[in-house]
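Here is the structure we will look at.
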Amino acid sequence: MIGTTTVRRLSGVLPGLCVRGALAAGLGLGAVTVVVLALWIGSPYPDSGPGGALHVAAALWLLAHGAELARPIAPAGAFAPIGVVPLLLVALPAWLVHRTARDAADPEDDGRPPPPGAVVAAVSGGYLLVAAGAIGYAGTGGPLTVDPLGAALRLVPLAVLSAAAGVWGAYGRPPGPLPGWAPERLRVALARSRTTVGVRAGAVATAVLLAGGALLVLASLVWHLGAARDALLGLSGTWSGRTAVVLLALALLPNAAVWGAAYGLGPGFAVGAAATAAPLSATGTAGLPPFPLLAAVPGDGPGSWPHWTSALVALAAGVAVARQAGRRTSARVRDTALAALLAAVVCGAAMAGLAAAAGGPLGTARLAEFGPVWWRTGAAAMGWTAAVGLPGALLLRAWRVRREAREAWEFAAYEESPPPLPTAREEAPEQGAADEETGGVPDDPEEREPVSEAFEAAEVYGFLPADWEEPEARRARWAALKEASNPLVGPPPLPDTPEETDTEDPEDGEGGEAAEDGAEPGGGGAASGAAGPGPYSAPYPPQ
């Protein structure tokens with residue numbers, strides 16, 4: 001049971017949360033009203049007055065929540081439905097409720113966050129109070145009316161789900177256990193990693209389909225740019241009317257992306273009660289109403305190879321499923337296959353829901369049906385992703401397993417017998433061949449590489465590596481070194497030593513002759529000791 005302290009705490013928190021929800025609804029309604037009033041003021045034909053403009057603003061705000069509108073037509077008491085909801089307009093109320101609930105779930109001054117259920121109920125309750133007033137105002141009359149029951153059935157789920165998503169994001173999006181009444185098999189299945197992989201792969205495939213559909217729509221608009229411009233200029237001759245048409249086209253771009261995805265999947269979409277646009281053929285599309293986005297619909301007749309290339313969108317979605325589901329080599333083959341099939345189911349369900357939300361009627365008779373058929377679009381998305389993603393995921397997993405096994409075998413072989421270090425001739429075989437021809441020295445002195453002093457000393461005194469010379473040259477050098485190491489012979493002369501001259505320093509006198517005598521064999525002295533290296537080391541220059 002709920003304690004007295006908890007009841008008192010909730011009684012002080014809930015009113016503020018309700019006010020926050022009402023403010024979120026007021027911000028969304030106010031934004032739509034400002035845009036409508038600005039266009040009404042700039043219109044040269046304000047027939048219905050400011051009251052009619054406010055009714056239109058309230059009706060459009062309810063349309064953003066999925067409510068179906070109605071407009072009066074020629075026969076008295078007859079109405080034409082408007083059921084195509086601009087999906088970009090839906091993002092405004094959903095984001096406002098989500099942001100409000102996320103901020104309301106922050107901890108209070110005492111450091112304790114309010115209960116999640118109370119936040120969702122209070123924020124959505126305050127939001128729905130304002131929405132109820134808008135439904136009552138828009139249903140009283142005006143150019144556009146709304147069905148109260150239908151609007152309520154769409155407003156409540158949107159507000160509650162958006163508030164719940166905001167609270168879930170405020171708590172760090174924890175996975176959390178399912179309720180106790182959920183079946184045990186469902187809880188175990190959702191806890192498996194393959195379920196996470198499948199859901200993620202399905203979401204990625206859905207995003208790929210939407211992106212591909214948007215690219216198809218933009219490419220078709222560029223191809224039919226002249227028809228789209230004529231439709232825009234023909235709908236209105238004033239800047240306010242053309243601005244309204246452009247804003248409506250922008251709000252319908254997500255719908256067009258869903259329509260393009262359905263076109264790429266194969267079923268296509270309806271552009272009237274007896275008209276269908278599909279890659280294989282388009283029927284009854286010549287009499288479409290003038291609108292810039294509808295100018296991108298292909299004309300009547302069978303499709304050609306440019307229309308068939310739209311199947312690349314479905315192939316890309318299948319490849320995305322294969323890449324996401326087949327990247328784990330630690331998973332079993334059965335888990336990889338189940339993850340790919342789950343991704344296909346998720347993608348099909350998502351596309352079916354988006355197709356149902358992106359279409360609807362725009363009037364009566366010929367305009368009674370617009371958009372893709374939800375069940376055909378969902379079935380095509382699931383079939384394409386399963387047909388391409390399942391074998392692709394298995395092949396990708398097998399290739400990754402084979403590559404990892406080969407890398408492990410190569411690493412083990414390297415650990416057992418590492419390869420020897422390459423010699424100078426193995427590192428540069430072309431240079432070695434050139435050295436054999438030219439004796440190791442380039443003909444042009446400018447092409448010779450600079451040699452350090454240490455390298456010159458090593459070359460003079462025989463400290464080069466054993467594989468630097470040919471065997472015969474090494475033998476000759478070793479014989480010379482043995483002869484030079486004999487103390488009776490003395491060290492070899494230094495390179496580039498200036499030749500001795502007969503000129504004697506007058507200051508040396510006999511001392512110079514004594515120094516020369518001391519350098520003779522058997523004469524002893526410091527020079528003789530410095531010039532007497534061991535038999536296994538090269539001679540060093542005299543001090």
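The values are calculated or read from the model by the stated rules, or taken from the named source; none is laboratory data. What you see is a predicted model, and the numbers here were worked out from it, not measured in a lab. Neighbour counts run over all protein chains shown; Cβ positions are idealised from the backbone, glycine included. When the accessible area is computed, the model is the full protein with side chains, heavy atoms only, and any ligands, DNA or RNA have been set aside. Shrake-Rupley method; radii C 1.70, N 1.55, O 1.52, S 1.80 Å.
Data overview
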| read-out | value |
| --- | --- |
| Calculated FRET value between LEU312 and ALA413, using beta carbons and R₀ = 35 Å, to 0.05 | 0.25 |
| Förster radius 35 Å - calculated FRET efficiency between SER240 and LEU161 (Cβ-Cβ, nearest 0.05) | 0.45 |
| Residue-level accessible surface for LEU265, protein heavy atoms, 1.4 Å, Å² | 10 Å² |
| Two-site FRET efficiency, TYR45 against LEU215, from Cβ-Cβ distance with R₀ of 41 Å, rounded to 0.05 | 0.60 |
| Normalised contact order of the stretch 236-395, rounded percent, pairs of Cα under 8 Å and 6 or more residues apart | 28 percent |
| Order by protection proxy (mean Cβ within 10 Å, highest first), peptides 127-139, 200-212 | 200-212, 127-139 |
| Under 5 Å, built H, 5+ apart or other chain: amide partners of PHE269 | ALA277 |
| Kirkwood hydrodynamic radius over Cα pairs of the stretch 94-163, then Stokes diffusion coefficient at 25 °C and 0.890 mPa s, in µm²/s | 184 µm²/s |
| 16 Å cut-off, amide nitrogen to a point 7 angstrom out along LEU250 Cα→Cβ, residues in the stretch 21-36 | 31-36 |
| Apportionment of accessible area to carbon and sulfur, the stretch 283-375, percent (1.4 Å) | 71 percent |
| Sequence-separation-based contact order of the stretch 235-295, relative, with Cα cut under 8 Å and 6+ spacing, percent | 22 percent |
| Magnitude of the charge dipole, the stretch 213-372, Cβ model with Lys/Arg +1 and Asp/Glu -1, debye to 20 | 560 debye |
| Long-range amide H partners of PHE79 with built H, under 5 Å | ILE73 |
| Ordering of 360-369, 303-312 by burial proxy (mean other Cβ atoms within 10 Å per residue, highest first) | 360-369, 303-312 |
| Phi-based couplings in Hz for the stretch 307-318 (Karplus 6.51, -1.76, 1.60; Gly and Pro marked x) | 6, 6, 5, 5, 5, 4, 5, 5, 5, 5, 5, x |
| Chain lengthening between ILE73 and ALA273 when straightened (0.36 nm per residue, less Cα-Cα) | 70.1 nm |
| Average Cα contact separation per residue, the stretch 247-331, under 8 Å, 6 or more apart, as relative contact order % | 23 percent |
